[in-house]
1. Within 10 Å of each Cβ in B:717-727, how many Cβ atoms from other chains are there, averaged over the peptide?
2. Ignore the peptide's own chain and count Cβ atoms of other chains within 10 Å of each Cβ in B:194-200; give me the average, rounded.
3. Can you find, among B:Ala47, B:His58, B:Ile289, the residue sitting farthest towards the positive end of the charge dipole of chain B, where Lys and Arg contribute +1 and Asp and Glu -1 at Cβ?
4. Report the one residue of B:Pro162, B:Gly213, B:Ala474 whose Cα lies farthest in the direction of the positive end of the charge dipole of chain B (charges on C-beta: Lys and Arg +1, Asp and Glu -1; origin at the Cα centre).
5. When N counts the residues of the protein assembly as shown, how does its alpha-carbon radius of gyration compare numerically with 2.2 N^0.38 Å, as a ratio?
6. Sorting check: for B:137-148, B:787-798, which peptide has the highest mean count of neighbouring beta carbons within 10 Å, and how do the rest follow?
7. Can you sort A:Glu30, B:Glu104 by how many other beta carbons sit within 10 Å, fewest first?
8. Averaged over B:687-697, how many beta carbons belonging to a partner chain fall within 10 Å of each residue's beta carbon?
Amino acid sequence: MKARLSLTVNGEAHDVLVPVHKTLLEVLREDLGLTGTKHGCELGECGTCTVLVDGAPVLSCLALPVDLAGATITTVEGMAEGGRLHPLQQAFAELGAAQCGYCTPGILLTAQALLADRPSPTRQEIREALAGNLCRCTGYTKILDAVELAALRIGVPR
Amino acid sequence: MSEDPRGSFEGKHEFTVIGQPLPKIDAWAKVIGETKYADDLFLPRMAYGRLLRSPHGHARVGRVDTTRARALPGVYAVITGADLPRVRFGILPVSQDEEALCTEKVRMVGDAVAAVAAVDEETAERACRLIDVEYEPLPALMSIEESLAHPEVRIHEYGDGPNVHKNVSLQFGDIEAAFARADLVREDVFFFEGNTHLPMEQHAAVAAAGPDGKLTLWSSTQTPHYVHRLLAKILETPAAHIRVVATPVGGGFGGKLDPFAHEIAACRLSQLTGRPVKIACTREEVFYIHRGRHPVLMWIKTGFTRDGDITGCHLRTWLDGGAYGSYGVASTFYTGVINPVTYKMPVYKFEGARIFTNKPPCGPKRGHGTPQPRFALECQLDKAAEQLGLDPAEMRKRILAEPFTKTANHLTVTTIGLGECIDRVVEASGWRTKWRGFRSEGASTAPSEPPPEPGRAGGARARTRRGIGIACSAYLTGAGTAVYWNNMPHSGVILRADRSGGVAVLCGATDIGQGSDSILAYLPAEILGIDPKDVHVHPADTSLTPVDLGSYSSRVTLMCGMAAIQASQRLREVIAQAVARKLEVEPGALAFRERKVGVAADWERAVPFAQAVELAETTHGVLAFAGSYAPPKRAGKYKGGGVGPSPCYSYSACVVELSVDEETGEIELHDVWIGHDLGRALNPLLAEGQIEGSVYMGIGEALMEGQIFRKGVHKNPSLLEYKSPTTLETPEIHTFLVETDDPEGPFGAKEAGQGPLLPVIPAIANAVYHAVGVRCDEVPITPEMILKGLELRRQGRPARVGPARIPVFTFKAPVVVESAFGQPADAIAVRPFQP
Ligand code: FES
Ligand code: FES
């Protein structure tokens, strides 16, 4: 069974006709061409597929678009505004927080939600917020550093 | 031109690009989600493929009936092994034992038997379930002991005995005499559980066959060149008509180094359907693809003088290889041959055996075959130090190998920065006070009622004890030989300068996150005096780029780096000649910097780089230059001497501080200090990242990662059940870069991406002992093991947890060779392909 839906992704409205059981992850990647959202398990276990729904981190591999009418969805492609990188993106690039980069979109969005909630989190708070996002490359060190740097820069705009 | 490929750059340390903490050139694409990994490719008319995998650990394959699957609407093609040429393949020429789709036998749960291409993944999946396969189950052998006990059940028909894939034995010097000279001889048995790479990106491939018979494969592979070669053989298609492109790899760690069933099936399905076909593996399938860390049982006997010197070492290893050969012959050697590189070990004997079992095949995971014996050796050193009353850090410093000498097993060692690594971590961790201090609290020496750790924030844990441990290691910077015998370059680069002032680098190297694309931009930028941004890197496309053997054995920075340096120097020389003519100066007087070429003393007249390129192109023609690299030929002159040689070795020292909860057995890591001799940090930020990632992965292997099988079935093939460290279990990692400027490496650089994993695991085990007096001679160290050890201690028995027995097994008669220990290193050979 297919459903006709209107989804607001990165500020743009999209009309899609998709099977009702198709996940948000699949719709974003396959129907909307937004392949920035990655997947590591499609079972809700790794955090790689995280997107923001109304500002809150959501595992897109478990979310169904039919439940998301009227919601505002943000993917990694929507983080930069008008060609200007989000401070998190800038800090991740500068500090080498993206090695293979595969976990990066999910971690960036989770961190964005954290900083919206707690503009100057402690390192432990960052650890806790990112505990659901696996990264196999970095040992998390540069990721934590980058979130701290971004928080600092958001607090004191350059 | 200079003999030394680093030419005039040696000794001149005012680099502008080298040593700078620059962002990776691909970082920007990665943070905006633009990087296209294999599964991000969507081609017009593309079909989606799935593999049908065996539910049996070991079975004869009978009739495979695809009628019902073919009849399903939306299915384009269904193939079985009968639709592929009857060739067996394998990454190593000596182990040609795989079929993409099994025709006679399946040897593990997860072996592929058929494949489907359909309009979408769901349809392909449904079609797979409609394929009827007749299996005749055979006994599945799930451990080394079972495989050796059942020679009548043969997993393969080849090898060094029933279910024995490889049996090796090497001896360097008189081992019995060495033990006779010792004041202390220890024999210990260790077990290292198998674990997997777990890259966040699951393997995926897209194949597109054209009506002209040509074929392109985009794949998340670390070795496009080997895949290219093997596809030609497997598909019986001329290699000249196959193009393999390695897409940016979302984590490899050694798990994407073989040719795989999904790649081959995608190619065949594309040939049959005339459509591009994508096969993206599920996480569960990635666990079956595996090629990860071998479970290894080890017996190690070492003689020590009372001062802590090693008189000789005898190591035996038994590897649980899983169902196929893969890199296993090399893995077997690697469990033995790198040990003598770290410390003075004048006499050495190594016996190793790899046994086939009906489990996913093991292969090369980060550190390839060396973390297991490293764990054994470093834990044994800790025990010996205690018996001899020595500080384990000082003991290690005393016995460091000599730079520029040979090891017992004839490996040439160049620079060694391990002493400084030890000093740095000992200093930073406060080792001296903590090692004595925690111990004087009696944690490990007075088993009765040692004082609990002073209350720590957040935990009113009364029974928590602190401990600190140290371990060291060495690792190769690139394997000295290719996986197939040849005399060609291991790495090649083509550099093309254009009139814009931009430079294109073509190189077969594969960026798996380690930053090889960036290194390929930094080195030419440094030599040509331009910005890395001016360099465009085109990697890993077999129809476009010169061969690089692949991203494995920590070879890429060194080998591609040396090739890039050579190409850059050739380009620089031609540009220098043209500019010299214009400025009427000697070419040698010219400096290349700030995107200009000129004489330093007369910089106003310096020519902008783009203009310099035009001058050179005017006189020389198109500016395209090649660089090639092959490692020095230093294979030991004995059978088996080809595994182990490397242009140079990296060194690491690690100190770990942790707490152990005596009530729950839980371990909490507090800090890890790691010193790593990487020759030179071409980019300290990326080097640190490699080291931090290695430490993290070592922590996972030490404390939680392990593959569990029950009744022939993988018990934890998911990210939830296969535990790996999150941000919460990964402690603060303090990294110290030690530079030794190795004459073999590009600008003196050695590897940084694998070696730092090695010492972490034994350092943790040693710290656990320091905390609670329990010797864990097995990893992963679980809370149950700690509790068992504590219970043994309470009973007044030796608080050791680990394997009790070794298999009944006859090793080959050894290849006996004189020890080369202490001989001067082979000269830094003049390499092939020099200008
Ligand atoms: S892909 Fe969604 S949590 Fe792993
Ligand atoms: S950067 Fe590779 S998984 Fe995080």
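1. Counting Cβ atoms of other protein chains within 10 Å of each residue's Cβ and averaging gives 5.
2. What the average comes to for B:194-200 is 4.
3. B:His58
4. B:Pro162
5. Scaled against compact globular proteins, the figure is 0.93.
6. Put in order of decreasing packing, that is B:137-148, B:787-798.
7. B:Glu104, A:Glu30
8. Counting other chains' Cβ atoms within 10 Å and averaging over B:687-697 gives 5.
Read-outs: derived from the displayed coordinates by stated rules, not from any lab. Model, not experiment: these values are computed from the prediction. Cβ sites come from the backbone with ideal geometry, for glycine too, and all protein chains shown count toward neighbours.
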